[in-house]
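The structure appears right after this line, and notes come after that.
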Amino acid sequence: MSFHAIAIDGPAASGKSTMARAIASRLGIIMVNSGAMYRAVTWKILSEGIDPKNIPAVVSMLDEIEITCGDDGLLSTILIDGVNPESHLRNPEINENVSVVSAIPEVREKLVSMQRDYLKRTHVVMEGRDIGSVVFPETPFKIYIDADPEVRNRRRSGDGEEDSVAKRDAADSSRATAPLKIADGATVLDTSQLSIEGAIEAAIQILHKQGFPMPQAANFDESEEQNKMMRWIYWFGWLLFGAAYRTLFGLRILGRENLILSGPVLVASNHQSFLDPPLIGNLYQTEMVFFARKTLFVSIGKWLFPQWNAIPIDQEKPDMSSMKTVIRKLKEGWRVLVFPEGARTLDGEIGPAAPGIGMIAAKAGVPIQPVRIFGADKALPRGSGKMSFARITVKVGKPIILSPEEFKAYSNKAGYEKLTERIMVAIKAL
Ligand code: DC
């Protein structure tokens, strides 16, 4: 089998690592941070007390050290003489010296060969400066990520890091060997004006256009169902409920800019009333999937609820098979609404989460969109059946997009619980 390489290049602090990680996690392949390899060698040089400008000394050290590149299934790892230098790699003295070290042809030769070795055993998303131009020039999957220098400086200092981005860019772009440049065939993606989620969506679309064989859940253009126009019956409910919310309850939506509008999304909302599912459905212009108490699937409901993409669920005992259904729907590319609390609130407060949402989120591997509803409990309180004209507000939170390390950390029972807690904290914070 031959493997695919996705090359992500760009200047310092352009968002390459975040993008590469998110792409890798969406596509289920490993991410290799080639900058970390140059940083690790720089760390070794400095810790041996060698002057990075003393090229003969650097080259002779290079012959003596053992560099082991691997991966933990999700992310690249590096050991130098058996030591993992990861915690030191973003220190100011490394930022200061890494461009000098990475301009040395012998250093590049050694590391480029190790970078190419990854592709002998697996698909990779690799980020760096010369991945599309030198390491994998033959790959058709290349993105050059850029952002305004001002934005990049802000991002780096926002990370609390001391790093002269402009100086490093100048050195990386002007060096003789493998300078930073836009590789032949690369698509440029400027992230200056984009949110992280917007940039990730754009990158996935670029790869799709470049012909990357997407797994179903990441293949947005072809996860047809939800990109299609609404079916009339769904549209009819959507319109009716939408109009009622706006006129009767003065519906207000805050944080609309945070909505992920394409691809599979696990929408996690607090639950106040019967009005909630269509309320969330109204945030979007395309169809989505809901769950509804199985006791509602009687008489006309038996016909109507499935038309509205509602799947029956046994609220008393949500079981493995319902969770599997949610995961399957997400993997098919659907946006799915889940109420982590399970049942509607009795007092307007957000109750404890039922087990399950963390597991669904960890297993489905899709972005999580936290949403909080206010006022629906007053508009239609549980158990009263009487409406009142209370104002309803829906707040949409920033999506939670897990990194491969986080997925790994959340992959067991304790992890599911932590992730559930994280989702609940995100909803409550709205
Ligand atoms: O991506 P980063 O900022 O962690 O990279 C650190 C330095 O490593 C960067 O200033 C230049 C060098 N580098 C390189 O020369 N080639 C690569 N493929 C990746 C990084």
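Some values worked out for this structure:
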quantity	calculated
Antiparallel DSSP beta bridges within segment 32-154, percent to nearest 5	75 percent
Acute angle (nearest 10 degrees) that the helix 196-209 long axis makes with the longest principal axis of the chain, alpha-carbon atoms	80 degrees
Segment 258-336 and segment 147-187: distance between their alpha carbon centers, rounded to Å	44 Å
FRET efficiency for L248 and K209, using Cβ-Cβ distance with R0 set to 30 Å, rounded to 0.05	0.10
Chymotrypsin sites (Phe, Trp or Tyr not before Pro) lying in DSSP loop within segment 378-430, provided at most 12 other Cβ fall within 10 Å	F389
GluC sites (Glu not before Pro) lying in DSSP loop within segment 88-180, provided at most 10 other Cβ fall within 10 Å	E138
Surrounding net charge for V59, when Lys and Arg each add one and Asp and Glu each subtract one, Cβ distance under 11 Å	-3
Angle between the chain longest axis and helix 165-174 axis [Cα atoms, degrees, rounded to 10]	60 degrees
Three-way shape call for segment 5-214 based on the alpha-carbon gyration tensor, with the a/c threshold at 1.5	prolate
Cα gyration tensor shape for segment 224-428, rounded if a/c is under 1.5, else prolate or oblate	rounded
Loop trypsin sites (Lys or Arg not before Pro), segment 1-103 (other Cβ atoms within 10 Å of the site Cβ: 11 or fewer; DSSP)	K53
Pairwise FRET efficiency - T77 versus R293, Cβ, R0 = 51 Å, nearest 0.05	0.60
Three-way shape label, segment 125-197, alpha-carbon gyration tensor, a/c 1.5	oblate
Computed lengthening from A429 to M61, 0.36 nm per intervening residue step minus Cα-Cα distance	127.3 nm
Folded to 0 to 90 degrees: helix 320-331 orientation relative to the chain principal axis, Cα	60 degrees
Alpha-carbon radius of gyration plus Dmax, which is the widest Cα pair, for the chain in Å	24.9, 84
Positive minus negative residues near P312 (Lys, Arg vs Asp, Glu; Cβ under 11 Å)	+2
Segment 5-99, Rg to Rh (Cα coordinates; Rh as Kirkwood inverse mean 1/r)	1.00
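Coordinate-derived values only; no laboratory data. In this text the structure is predicted, and so the values were computed from the model without any measurement. Glycine gets a Cβ as well: all are built from the backbone with ideal geometry, and neighbour counts include every protein chain shown.
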